[in-house]
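Structure first, then comments.
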Amino acid sequence: MRNPTAAGAVSELAELVLPWLPPPDLAAAASASHAMRAAASAVTAARAADSARGLEAFPAPFVNPIDSQPYSYFIYTPFSLIPSAASFDAQPWGCAWSRTLGPTWPRPDLGLPLAGCSCARGECGGAGCACADAEAEAADASGAGMASLSECGDGCACGPSCENRRTQRGVTVRLRVVRQLKKGWALHAAEAIHRGQFVCEYAGEFLTTEEARRRHRLYDELASVGKLSPALLVIREHLPSGRVCMRVNIDATKVANVARFINHSCDGGNLRPILVRSSGSLLPRLCLFAARDIVDGEELAFSYGDAKPNPKGLPCFCESSCCPGVLPAEET
């Protein structure tokens, strides 16, 4: 005869433990009993229903019409982070837990100095604002290099509702992650997105150049045998002097937000990457804006860079007229 007390204890234990497990361990736990199998199935369904784990304004579900893989496993962060020895080993996913939504950037755990403006309400970002960057705006207009944008930061007197913090509220458009036959997972719009609208940050781990080079070599080896789909971007920011170039490495392979599923397009795609610097922060963030009007259901894409394609590199399936057939590879 079934013991309801024991079944309740198993259910309670499963609710606490199973959301912490990666897929192989979750599958092993599911084989223990009927109760554990049911609990594991509930976790899997919850994971497939929201890749963002309730950390964004809207869920971003996985949709797979190709095979039986319900979701792609990774650690979610709404904003880029500096790795530490104690970070990113596990994260609960597939339960009812969620955080209260709030601004996603800047974060004081980056250890950066705080500085900012003290503008009157509604005047942030204007000509008299200390956070405005006239040189960046001039560079944008000339088309020299990647566009840049300045926003208010943690040291500013304004709050999260400030209009000069448009990229700091996380993902505020509806998105879905769709499985494709050749590309694997891809990010699609789940609503119409207007030209110039902020879509998402390319969030991941900020790496030193030494660590980026180490991971790049490892990822190349794993990708060559089909064991990994790397998402390590290298960005070079040309500073106003024109003589100095700062390299920023963002790895979204294991720790990331939904932007890790955005594929490359050799023709530039429908997203425009812009470097966003918040007042008082040292590191810029890579934010993606709609380069044109995007329709509901359209795949999102941007150019990973114009580095010379490696003949031995990973294949590119963007199918644009200028595609050389391989993805651009950054020389580390």
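The values are calculated or read from the model by the stated rules, or taken from the named source; none is laboratory data. Remember, predicted model here, so these are calculated numbers, not experimental data. Cβ atoms come from the backbone with ideal geometry, glycine included; neighbour counts cover every protein chain shown. The protein model used for the area step is the full one, side chains on, heavy atoms only, and it has no ligands, DNA or RNA in it. Shrake-Rupley method; radii C 1.70, N 1.55, O 1.52, S 1.80 Å.
Accessible area per residue for segment 263-309, computed on protein heavy atoms with a 1.4 Å probe, is 39 Å². Solvent-accessible area assigned to carbon and sulfur over segment 40-93 amounts to 62 percent, based on a 1.4 Å probe. Residues whose amide H lies under 5 Å from that of Cys316, counting only those 5 or more places away or on a different chain, are Gly325, Val326, Leu327; hydrogens are built 1.01 Å from N in the peptide plane. Around the Cα centre of segment 219-298, unit charges on the Cβ atoms of Lys, Arg, Asp and Glu (plus for the first two, minus for the last two) sum to a dipole of about 380 debye.
Only the Cβ atoms of Lys and Arg (+1) and of Asp and Glu (-1) were treated as charged; on that basis the dipole of segment 152-301 about its Cα centre amounts to roughly 200 debye. Taking the Cα centre of segment 170-253 as origin and assigning +1 to Lys and Arg Cβ atoms and -1 to Asp and Glu Cβ atoms, the resulting dipole is close to 300 debye.
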